[in-house]
Amino acid sequence: MNAQAIWDTHKATIIAVAVLIVAALSTLIVVPETQQAVKIRTGQPVAVINKFEPDTPYGQTGAGLWYRIPMIERVQYVDRRIMNLDMEPQQVLSNDQQRLQVDAYARFRIINPVLMVERAGSEETLRAQLAPILSSTLRQELGRRPFAALLTAERGNAMANIRTALDRQARQYGAQIIDVRIKRADLPDGSPLETAFTRMQTDRQAEAETIRASGRRDAQIIQAEAEADAANTYAAAYGKDPEFYDFYRAMESYRRTFEQGSGESTMILSPDSEYLRQFRGQR
Amino acid sequence: MRNPDGFPTKPWLSQVLAMAGKRNPWGKPQGDDGSGSDGGDPDGAPSKPTADTPPPKGPRNPWLPPGRGGSDGGEPPRRSASIEDIFKTRGPEGPRRIGGGGGGPNFRLPERANGKSWLPLIALGLAGLWLVFTSTHQVQPKQQAVVTWLGGKYSHKLGPGLNFTLPWPIQQVTVENVSEIRSVTIGGEGEKLVLTGDQNLVDLSYVIRWNIKNLEQFMFQIDDPELAIREVAESAMRAAMAEQELDQVVSGEGRAVIEARVASRMQQLLDAYRAGVAIQGVEVVKADPPAKVIDAFKDVSAAQQDANAMRNRARAYAQQVLARAQGDAAAFNQIYEEYRLAPEVTRRRLYYETMESVLSKTDKTIVEADGVTPYLPLPEVRRRAVTPPAGPAAPEGGAGR
């Protein structure tokens, strides 16, 4: 029992099995859940397998094992999933002449594979056709708005308009635009970015100076209040007897000036002075 | 072509062994030829070169000294080795062509005791292994699996545990980690500047945490779910940032709002795509002013500190002034109480005490003013000021008289 013997006894079977396998491979196709398939018979699309229907649950969509006639029928797969259409970042000029670097994406799905195969051929071609349409509609739509509006909530409205405009074009290729979103909106490099930085910087410098100035103002107020309080306290005390205050303060002043003051002092006294009154003997 | 031990002998092997003889490029002595050909087939290929047959013009051994050729007994000079010599004796066609077939159709499997072949048993075993390995699936707790018919039509989903399906390729199983929370970091390396609502720029980096909530949708609905998550995140984050002012973003008070808004907006969009993804959370990791203006931002907080420092200094000064005023007033009040009891005496006492204390430390010159205009030698006065006070004290007294 060796290979030769097997070959000899089962020659017919082996050949039949091989032919069957080849026939099966060229006839049967497996359509995955993620793909739609267009059956093209001698250049003419005849059927769509696993066509996208929004509400059909998976398992009942028509994906799975299918057949085709070899040589005559050809099957082209078309993606059934939601696909991404990316765009090169674009400079958009808003209607107040400000530049903004915008990067957007669109999500689309092929809902009419036959149209897609006829008009575009493949997903890649379709993307290449749609991308310029996306960027030009984006520029048109955003160019009508002021710069500030591009950043804020009005974006939603603009995006809906762009989506509608792009969808109108995409339908011709059998595709449906599900969503258009801006993922980046930046100031372009160079002078717009630099001036924005300068503005931020000066803004902060002004804030810092304001804070410092208010600090200084508060400090002055605090000092002035304290001095006023002190004056009040002095007045309350000394006001009881201004004449005595004059004397008392003079005494204190003498001590400070001559005793604690710096520098040697020499006094030339007149014998008539009050201090030397007793010095002369009572007159 | 079989040796007694049952292993087929490759003719090229014996040829190689024979080559270990005199034509071996490492120059082994000729006497070893016999042992070299022992392992060889006795009725080997006719063209097989051994020591007994006249030596073919094999390659010359380049390592042998040229003189050796003579001592070998008039052996004809050999040609140089060429690359063809190597391939002639190796590879499938070389020796087989010469040796008349190697393993090939004559190869036979070992047989069972009853003489039957092992082949059916091996085939059966392989089939069994295939069945066992491709139809039982162990799904880990975090995972789920999708079963498809022939990799096409969706059949059903497998939960955690041991599951059985039809064997591959009739049913194919794709296991995916479903409940594990994955994270995507956006931004982080380099600067990623985002515009805020007041048209300022923020260097932003954030993390999206997500997991799969519907495996069929995740697998069949979107062409690249992770790319979709990133793009949706960027779009939602920019929209949320445009609703906030720079200060709220940088200081952190607006971050919770941003995170919540981004998460809900992302979930809304992904649900609209039916992506089968659940957003578990969005965390802003970094929201800093751009590097170019960060100094100005730091200066603002420095200014805050400066202002506080100025206020503190002013407060300290104010306390000093107040305390002194209170002290002075209290001292005056004390004295004044005494003064009121005996005004004249107290006044005199204060006067004399002060004068005493003042004059005791100064130079004194007393000038008799009556009728005499004194001549004051100012340098003299100054000189006396420098000399010890004891000296001038006496003449002063005299002058006073």
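Pick out the one residue from A:ARG199, A:ARG212 that is closer than 30 Å to B:LEU195 by Cα, over 31 Å from the mean Cα position of the chain (by Cα) and free of Cβ contacts under 8 Å to residues at least 60 places away in the same chain.
On inspection, the qualifying residue turns out to be A:ARG212.
So which residues in the stretch A:14-47 are small (Gly, Ala, Ser) and within 14 Å of chain B (Cβ to nearest Cβ)?
The answer is A:ALA24, A:ALA37.
Listed here are the residues, each with its yes/no results for (1) surrounded by 14 or more Cβ atoms within 10 Å (Cβ to Cβ); (2) in contact with a Ser or Thr (Cβ under 6 Å, 6 or more places away or on another chain).
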residue	(1), (2)
A:LEU166	yes, yes
A:ALA175	yes, no
A:ILE182	yes, no
A:ASP189	no, no
A:THR195	no, no
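Name every residue in the stretch A:198-231 that is surrounded by fewer than 19 Cβ atoms within 10 Å (Cβ to Cβ), within 30 Å of B:VAL293 (Cα to Cα) and not charged (D, E, K, R), in order of residue number.
If the condition is that a residue be surrounded by fewer than 19 Cβ atoms within 10 Å (Cβ to Cβ), within 30 Å of B:VAL293 (Cα to Cα) and not charged (D, E, K, R), then A:THR198, A:THR202, A:GLN205, A:ALA206, A:THR210, A:ALA213, A:SER214 are the ones that fit.
Is it the case that A:ARG41 is among the basic types (Lys, Arg) and under 35 Å from the mean Cα position of the chain (by Cα)?
So A:ARG41 fails the test.
Determine whether the stretch B:119-136 contains at least one residue that is touching a residue at least 40 places away in the same chain (Cβ under 8 Å), within 11 Å of another protein chain (Cβ to nearest Cβ) and surrounded by 13 or more Cβ atoms within 10 Å (Cβ to Cβ).
No; the residues of the stretch B:119-136 include none that is touching a residue at least 40 places away in the same chain (Cβ under 8 Å), within 11 Å of another protein chain (Cβ to nearest Cβ) and surrounded by 13 or more Cβ atoms within 10 Å (Cβ to Cβ).
Determine the pairs where a residue that is closer than 20 Å to A:PHE279 by Cα and facing chain A (nearest Cβ under 7 Å), located within the stretch B:328-355, has a partner that is surrounded by 13 or more Cβ atoms within 10 Å (Cβ to Cβ) and among the aliphatic types (A, V, I, L, M) with Cβ atoms under 6 Å apart, the partner being 6 or more residues away or on another chain.
Note: pairs meeting the criteria are B:LEU350/A:MET251; B:THR354/A:MET251.
Anything in the stretch A:27-57 that is of a type outside the set (A, V, I, L, M, F, W, C) and loosely packed, with under 13 Cβ neighbours inside 10 Å? List them, or say none.
Once the filter is applied, which keeps residues that are of a type outside the set (A, V, I, L, M, F, W, C) and loosely packed, with under 13 Cβ neighbours inside 10 Å, the stretch A:27-57 yields A:THR42, A:GLY43, A:GLN44, A:GLU53, A:PRO54, A:ASP55, A:THR56, A:PRO57.
How do the strands (runs of 3 or more DSSP E) wholly within the stretch A:67-185 filter down when requiring 1 or more residues that are more than 14 Å from chain B (Cβ to nearest Cβ) and either touching a residue at least 12 places away in the same chain (Cβ under 8 Å) or closer than 22 Å to B:ARG238 by Cα (or both): which remain?
So the answer is A:73-79, A:90-93.
Within the stretch B:192-199, does at least one residue satisfy the condition of being at positive phi and at pLDDT below 80?
no
When only residues in the stretch B:278-297 that are in contact with a helix residue (DSSP H, G or I) (Cβ under 9 Å, 6 or more places away or on another chain) and at the interface with chain A (Cβ under 10 Å from one of its Cβ atoms) count, which is surrounded by the most Cβ atoms within 10 Å (Cβ to Cβ)?
Checking each candidate, the answer is B:PRO289.
Name the one entry in B:VAL194, B:VAL175, B:VAL202 that is touching a Gly at 6+ places or on another chain (Cβ under 9 Å) and either hydrophobic (A, V, I, L, M, F, W, C) or loosely packed, with under 13 Cβ neighbours inside 10 Å (or both).
B:VAL194
Can you name the residue in the stretch A:205-252 that is assigned to a loop (DSSP other than H, G, I, E, B) and facing chain B (nearest Cβ under 7 Å) and is also farthest from B:GLN304 (Cα to Cα) among such residues?
Here the residue is A:ASP241.
Might you check whether a residue that is within 7 Å of chain A (Cβ to nearest Cβ), in a helix (DSSP H, G or I) and either polar (S, T, N, Q) or surrounded by 15 or more Cβ atoms within 10 Å (Cβ to Cβ) (or both) occurs anywhere in the stretch B:360-372?
no
Check A:SER262 against each of (1) at pLDDT below 85; (2) facing chain B (nearest Cβ under 7 Å) and name the one condition it does not meet.
Status for A:SER262: all satisfied but (2).
I want to confirm something. Restricting to the stretch B:262-274 and keeping residues that are among the charged types (D, E, K, R) and surrounded by fewer than 19 Cβ atoms within 10 Å (Cβ to Cβ), which single residue is farthest from B:ASN214 (Cα to Cα)?
The qualifying residue farthest from B:ASN214 (Cα to Cα) is B:ASP271.
Looking at B:ALA302, B:ALA275, can you tell me which residue is facing another protein chain (nearest Cβ under 10 Å), assigned to a loop (DSSP other than H, G, I, E, B) and either at negative phi or not hydroxyl-bearing (Ser, Thr, Tyr) (or both)?
B:ALA275
Please list, ordered by first then second residue, the pairs with beta carbon atoms under 9 Å, 6 or more apart or interchain, first in the stretch B:137-160 and more than 11 Å from A:LEU65 (Cα to Cα), second among the basic types (Lys, Arg).
B:GLN144/B:LYS157; B:ALA145/B:LYS157; B:VAL146/B:LYS157; B:VAL147/B:LYS157; B:PRO160/B:LYS142
Checking B:GLY254 against (1) at pLDDT 90 or above; (2) away from chain A (no Cβ under 14 Å); (3) crowded, with 19+ Cβ neighbours inside 10 Å, which single condition isn't satisfied?
The number of the failed condition is (1).
Which residue out of B:VAL345, B:VAL358, B:VAL282 is among the β-branched types (Val, Ile, Thr) and within 30 Å of A:ARG81 (Cβ to Cβ)?
Criteria check complete, one pass: B:VAL282.
The values are calculated or read from the model by the stated rules, or taken from the named source; none is laboratory data. Owing to the predicted nature of the structure, the values given are computational and were not obtained by experimental measurement. Positions of Cβ are backbone-derived with ideal geometry, glycine not excepted, and every protein chain shown enters the neighbour counts.
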